[in-house]
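Okay, so here's the structure we're looking at.
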């Protein structure tokens, strides 16, 4: 796949954002194995000017993604013919609908239904706003690009096996995300009714209540909501465009050579220095989103899994993995 259907500053900005969004995600991931992002169960213990209300901050930082998405989709920066907003029944309209449905739940419905949410450091909010502006803009620009219009214009597009499989994965991941979040919400609701939820005590802020969740994929992993979200966006990416690589091109010897200790520095240097237009030309924004979610959420799942085991000790099910059933 190539984005050589448009020229000028818009395409340059698109490729620059595509490259650095990917590299920043990959570069940040290792750090998250060593530091705890200050929100949720790792929320700051004391209040300060930089610690903000968790529910309000979550809504603000997540709502920017659909706003950026709609603006970029409507503006069609990469397309001189500017197709604008798609009809609901068109392939582009279906994909736009999937994106907006996800964020309607994530940015509005879910936080408003949450009985309580831990406070978070403002650095988390600012980082998420940056991430969501980039991702929403890239996704909206991609769906209005000439390449995507060509890819989606076939009348039989929605009958392709790839589209059907992708749509099924998106639906399974979306529903799975909601039902596993509901298990966590129910824990909070029960804690509130039994007086275990957080409360003020002599001016000191107590931590949120955390219990051991059970049911469905919680039998196998500590973070099924993360796993389901990955499945959801893999399905979306399958619907939105071709695979970012040919499986035959990823031989084991090639991977070992690229990432061997002797070649790693040279590989990174070459990637950073190459022009943005030449960076992974087949890696489209939907697949960049999948990659970024996995590399950024995996460390959080690992750290959270260790936290659960430390907090609950022998009470925590030993057979549970962190985020991938039976594997990780």
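Before moving on, here are some points about what is shown:
- With respect to the conditions (1) in contact with a helix residue (DSSP H, G or I) (Cβ under 8 Å, 6 or more places away or on another chain); (2) more than 24 Å from residue 29 (Cβ to Cβ); (3) touching a residue at least 40 places away in the same chain (Cβ under 8 Å); (4) surrounded by fewer than 20 Cβ atoms within 10 Å (Cβ to Cβ), residue 77 falls short on a single one, namely (4).
- Filter pass, residue 111 being touching a residue at least 40 places away in the same chain (Cβ under 8 Å), surrounded by 15 or more Cβ atoms within 10 Å (Cβ to Cβ) and outside any helix (DSSP H, G or I): no
- Residue within region 194-209 that is in contact with a helix residue (DSSP H, G or I) (Cβ under 7 Å, 6 or more places away or on another chain), buried (at least 18 other Cβ atoms within 10 Å of the Cβ) and modelled with pLDDT of 70 or more present: yes
- Picking from residues in region 80-93 that are crowded, with 16+ Cβ neighbours inside 10 Å and assigned to a helix (DSSP H, G or I), the one that is nearest to the chain's Cα centre (by Cα) is 92.
- Sole residue being under 20 Å from residue 138 (Cα atoms), surrounded by fewer than 20 Cβ atoms within 10 Å (Cβ to Cβ) and modelled with pLDDT under 90, chosen from 242, 247: 242
- Test result for residue 96, closer than 22 Å to residue 188 by Cα, at pLDDT 90 or above, crowded, with 19+ Cβ neighbours inside 10 Å and touching a helix residue (DSSP H, G or I) at 6+ places or on another chain (Cβ under 7 Å): no
- Test for residue 131: is it buried (at least 19 other Cβ atoms within 10 Å of the Cβ) and at pLDDT 90 or above: yes
Table: residues versus (1) touching a helix residue (DSSP H, G or I) at 6+ places or on another chain (Cβ under 9 Å); (2) touching a residue at least 60 places away in the same chain (Cβ under 8 Å); (3) surrounded by 15 or more Cβ atoms within 10 Å (Cβ to Cβ); (4) assigned to a helix (DSSP H, G or I).
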{"position": "271", "(1), (2), (3), (4)": "yes, yes, yes, yes"}
{"position": "280", "(1), (2), (3), (4)": "yes, yes, yes, no"}
{"position": "283", "(1), (2), (3), (4)": "yes, yes, yes, no"}
{"position": "287", "(1), (2), (3), (4)": "yes, no, yes, yes"}
{"position": "293", "(1), (2), (3), (4)": "yes, yes, yes, yes"}
{"position": "308", "(1), (2), (3), (4)": "yes, yes, yes, yes"}
{"position": "313", "(1), (2), (3), (4)": "no, no, no, yes"}
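The values are calculated or read from the model by the stated rules, or taken from the named source; none is laboratory data. Predicted model, so just to flag it, every value in this text is computed and none were measured. All Cβ positions, glycine included, derive from the backbone under ideal geometry; neighbour counts span all protein chains shown.
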